[in-house]
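The values are calculated or read from the model by the stated rules, or taken from the named source; none is laboratory data. Since the model is a prediction, treat every value here as computed from it, not as a measurement. For neighbour counting, all protein chains shown are included, and Cβ atoms are generated from backbone atoms with ideal geometry for every residue, glycine included. For accessibility, only protein heavy atoms count, side chains too; no ligands or nucleic acids. Shrake-Rupley method; radii C 1.70, N 1.55, O 1.52, S 1.80 Å.
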Amino acid sequence: MNKPDIELAREAAAAAQVNPTVAKMILSGEYDAWPNVQGALNAVRMARQQ
């Protein structure tokens, strides 16, 4: 089953973090409005369109 775009974006944004606390915050789903999560979400959506 494919993961939802937002879940992939959270994982990508969390993987790019040096600080493990921030990575956990991102993965929680409570910080989806953060620019790094939104940027990753845009990238996932653009990749799916190709």
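What the table shows:
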| quantity | calculated |
| --- | --- |
| Accessible carbon and sulfur surface of the chain relative to its total accessible area, %, 1.4 Å | 57 percent |
| Accessible area (Å², per residue) of the chain, counting only protein heavy atoms and a probe of 1.4 Å | 72 Å² |
| Per-bin percent of Cα-Cα distances, the chain [5 Å] | 5, 25, 33, 22, 11, 4, 1 |
| Cα-centred dipole magnitude for the chain, charges only on beta-carbon of K, R (+1) and D, E (-1), debye, nearest 20 | 120 debye |
| Contact order normalised by residue count of the chain, Cα under 8 Å, 6+ apart, percent | 43 percent |
